[in-house]
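Each remark here refers to the structure printed beneath this line.
Nothing in this text is a laboratory measurement; each read-out follows from the coordinates by a stated rule. Note that the structure is predicted; figures quoted are calculated from it, not measured. Ideal geometry is used to build each Cβ from the backbone, glycine not excepted, and the neighbour counts take in all protein chains shown.
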Amino acid sequence: MEKEIQESDLEFDEAPRRVSSWKRFRRVFFGRKVVIYGVVVISLLVITVIFTPLLAPYDPYTTNVRNILAPPSTAHWLGTDTLGRDILSRIIYGSRNALFIGLIAVGFAATAGMLLGLIAGYFGGIIGAVIMRIIDSIQSIPMIMFAVTIAAFLGGGLQNVVIALGIALIAPYARLMCGQVLSVKQNDYILRAKAIGASDFRIMFKHIVPNCFPPLIVLMTMQVGHAILSEASLSFLGIGIKPPAAAWGSMVSEGYQYLLRSPQLSIVPGLAIMIVVFAYNMAGDGLRDALDPKLRGTL
Amino acid sequence: MTVLLEVKNLKTQFNTEAGLVKAVDGISYEVYEQEIVGLVGESGCGKSVSQLSVMQLIPTPPGKIVEGEVLFEGKDLLKLPENGAEIRAIRGGKIAMIFQEPMTSLNPVMSINQQISEMMQIHQGLTASEARKRSIELLAEVGIPAAESRIDDYPHQFSGGMRQRVMIAMGLSCNPKLLIADEPTTALDVTTQAVLLELMKDMVERFNTALVIVTHNLGVVARYATRIYVMYAGRVVESGKTKDIFSQPLHPYTIGLLKCIPRLDEVRGRRLVPIKGLPPNLVRMPPRCAFFPRCPYRIDRCHKEPWPPLSRVRAEHDVSCFVHMEGKVSGLN
């Protein structure tokens, strides 16, 4: 006999339990091991910056002409440089620059570039043309030339290097953002947002910007390494962070003259840059995934 | 009944590489309060453009509304400053719109709650938590099970039919006077279409909202609309009460359309008669009747004279056709 179907049989499977967005973010973000690596390295960097004087075994500026270019030993774990300064201490002191240049210069460039690209892409027309032609002309000057000009104008020092690099790195963000906005703007949901009476400001920041993030985050994480290395170029040209101060980039460029005799002079700060840049990249990757709503609620 | 929306001689044109496209070429129609009106025509006849023009949502450039009036509650919407506060208060607040593609009409990075709430926050000044409460109610009203637990989902977690339900909930969230549904069921499968149309009819009745259904599907309007406007090449060629248009179509185009849909109340085995030819190219439109090349009833006058204006043939039944003006109706039907 056929069984009569009851209303209760037709009930829907219970929906998966809701998780808070923060929990979801954490689960996606920390779901990949490399991302954890990235976060750990960046945390270590931050700790190092905060506790620099406590962590460094020697003063990074004390020279010792009797003990120059010493190989790694128990007294000097990573050896000494051309003036007999302890390399480990200099690496630790240099972490400050790596963090500031990485985060602040790139953060500033990304924010400014994003805003310019957003305005240019959204409004288009004359405003867009003017902004983008200025960006084009900035981009036609080699980035390092541009940074050199600004740095020469402002003078050296960490603060001015951050400003110079921050301005010099704007162009790629503006370009990328403008292109993103032009394509996102075509979507039906933007037309719908207009049709519900949303203002331009609301459409730009609530509807368009969040849809443009993924490629921007990728670009930012790549730019961090670029910025740290550019600091080295500026230092090499004598307008970066002033010589006695420890900066990884300038340490690489100072050490290259002794590459055959004491390779650790360049290799150690080079490795430090590599590790930090990789960490930024991985953390950025994780951030991109965790911000992707397609993965939200599914993990 | 009072007139809610009155569109007079609306002309919208697009400047394209191929030339000037007269997408909407002088259409006039009106919508009364709490009425369901159907706007029917094939792809590219200007249905959607006319509706976007009403809302001032035509992308300029390349589009431009060159002539006409859109009187909504007596106020000409086309005279309001572009994207100003006044028109924005009307969009969504007084006239809401449901779009054709539920898959792309929702923002992928915003939750359903944020998207339904947004409108109420803009127009009614509700706080986030008030708007959320109302959103859950609306979501339940449009028939989404377990609304409370689905409200924080993202659009990709909803099926096409469910998204269109969300769009309906959104459309009605601010209690608008007029809801424009632009091909609301085209992207959905047939069973979902029927369910959603019922839902939409139900909802507009409950909210006392007038509804304009824009569609190419005569079946859709036959069941729900009280009056129909048939569009061809950017113009209204016939208008009247739904039952008059279905029982006694006047314009050769309408007749053609009805001949190519199967009917239940007919002898079996009848062949469907397609309309021969293609819709005209809107760039190079001759001044005469655009349906002329495809018209089986054409007379000399059709070729020589410009497009005839809509004229009343029967009570509340208008047509733009010389055949009727000459009274040679016998050849038709």
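Seen from B:Ser28, the other residues with C-beta closer than 12 Å to its C-beta sum to a net charge of -3, counting Lys and Arg as +1 and Asp and Glu as -1. For B:Lys79, project a label point 7 Å along Cα to C-beta. Then give me every residue of region B:157-189 with its amide nitrogen under 13 Å of that point. Zone members listed by number: none at all. Among the listed pairs B:Lys22/B:Lys177; A:Lys185/B:Lys64; A:Lys185/B:Lys47, a Cα-Cα separation exceeding 26 Å is found for B:Lys22/B:Lys177.
Between the exposed loop cleavage positions of chain A, defined as GluC sites (Glu not before Pro) in a non-H, G, I, E, B DSSP state with at most 16 neighbouring beta-carbon atoms within 10 angstrom, the longest gap is A:15-299.
Helix by helix through chain B, keep the DSSP H runs that span 15 Å or more along the axis on Cα and average at least -0.5 on Kyte-Doolittle, and give those back in order. Within chain B the helices that satisfy the rule are B:112-123, B:160-172, B:190-207. Across all directions, the average projected area of the convex hull around the alpha carbons of region A:33-159 is 12.0 nm². The length gained on full extension between B:Asp189 and B:Lys241, counted as 0.36 nm times the residue separation minus their Cα-Cα distance, comes to 15.9 nm. I'd like to know which of A:Gly179, A:Ala283, B:Val212 lies farthest towards the positive end of the charge dipole of the protein assembly as shown, counting +1 on Cβ of Lys and Arg and -1 on Cβ of Asp and Glu. Going by the Cα projections, it comes out as A:Gly179. When shorter helices are ignored and each DSSP H run of at least 4 residues is given -39500 (n - 2.57), the per-residue value for chain A at 222 nm works out to -20500 deg cm²/dmol. Restricting the calculation to Cα atoms, region A:143-185 shows an Rg/Rh of 1.20 when the hydrodynamic-style radius is the Kirkwood one.
What the pair-distance distribution of region B:81-163 shows, using all Cα-Cα distances binned every 10 Å from zero, is 17, 46, 31, 5, 0 percent. For chain B, leaving out every one of the GluC sites (Glu not before Pro) that falls in a DSSP loop and has at most 13 other Cβ atoms within 10 Å, the longest unbroken run is B:83-265. Quotient of the Cα radius of gyration of region B:100-226 and 2.2 N^0.38 Å, N being its number of residues: 1.01. Summary of the geometry: region B:38-93 and region B:123-138, compared by the centres of their Cα atoms, lie 28 Å apart.
Relative to the Cα centre, the charge distribution of region B:141-233, modelled as +1 at Lys and Arg Cβ and -1 at Asp and Glu Cβ, gives a dipole magnitude of about 300 debye.
In region A:138-289, if the dipole is taken from +1 on Lys/Arg beta carbons and -1 on Asp/Glu beta carbons about the Cα centre, which of A:His207, A:Ala227, A:Ala152 is farthest to the positive end? In region A:138-289, that residue is A:His207.
Length gained on full extension, B:Glu205 to B:Lys133, computed as 0.36 nm times the residue gap minus the Cα-Cα distance: 23.7 nm. All distinct Cα pairs of chain A go into the 1/r average, and the inverse of that average, the Kirkwood radius, is 22.1 Å. As an exercise, use a Förster radius of 60 Å and the Cβ-Cβ distance of B:Ala146 and B:Arg284 to find the FRET efficiency, rounded to the nearest 0.05. My answer for the efficiency is 0.65. Shape summary of chain B, radius of gyration then Dmax from alpha carbon positions: 20.8, 67 Å.
Measuring from centroid to centroid over Cα atoms, what is the spacing of region A:138-200 and region B:184-263 in Å? Rounded to whole Å, the Cα centres lie 49 Å apart.
What does the net charge come to around B:Tyr229 if you take all other residues with beta carbon closer than 11 Å to its beta carbon, with K and R at +1 and D and E at -1? Counting the neighbours of B:Tyr229, the net charge comes to 0.
The share of C-alpha pairs in region A:180-299 whose separation exceeds 16 Å stands at 71 percent. log₁₀ I(q)/I(0) of region B:161-200 at q = 0.13, 0.17, 0.23, 0.27 Å⁻¹, via Debye over equal Cα point scatterers, no solvent, to two decimals? For the requested q values the scattering log ratios are -0.24, -0.41, -0.73, -0.96. Could you work out the Rg to Rh ratio of region B:196-333, with Rh taken as the Kirkwood radius (inverse of the mean 1/r over all Cα pairs)? Ratio of gyration radius to Kirkwood radius for region B:196-333: 0.99. Cβ crowding within 10 Å, taken as a proxy for footprinting-reagent exposure, orders B:His156, B:His251 from fewest neighbours to most as B:His156, B:His251. When each of A:Tyr61, A:Tyr122 is scored by the number of other beta-carbon atoms lying within 10 Å, the sequence from fewest to most is A:Tyr61, A:Tyr122. Full extension of the chain between A:Ser199 and A:Leu44 gives 51.5 nm of extra length, using 0.36 nm per residue less the Cα-Cα distance. In a reduced charge model with +1 at each Lys and Arg Cβ and -1 at each Asp and Glu Cβ, the protein assembly as shown shows a dipole moment near 920 debye about its Cα centre. Note on region B:1-103: the alpha carbon radius of gyration divided by the globular reference 2.2 N^0.38 Å gives 1.07. Taking Cα atoms only, the orientation of helix A:33-50 departs from the longest principal axis of chain A by about 50 degrees.
Rounded to the nearest angstrom and listed largest first, the equivalent-ellipsoid semi-axes of the protein assembly as shown from its Cα gyration tensor are 66, 29, 20.
Computed over all pairs of different Cα atoms, the Kirkwood value for the hydrodynamic radius of region A:120-231 is 15.7 Å.
Among B:Arg294, A:Arg133, the ranking by other beta carbons within 10 Å of each residue's beta carbon, starting with the fewest, stands as A:Arg133, B:Arg294. Mean residue ellipticity at 222 nm, helices only, chain B: -9000 deg cm²/dmol; runs of at least 4 DSSP H residues each add -39,500 (n - 2.57), and the sum is divided by the number of residues.
With a simple spin-label model that places each label point 7 Å from the Cα along the Cα-to-Cβ direction, the separation between B:Arg268 and B:Glu67 comes to 5.3 nm.
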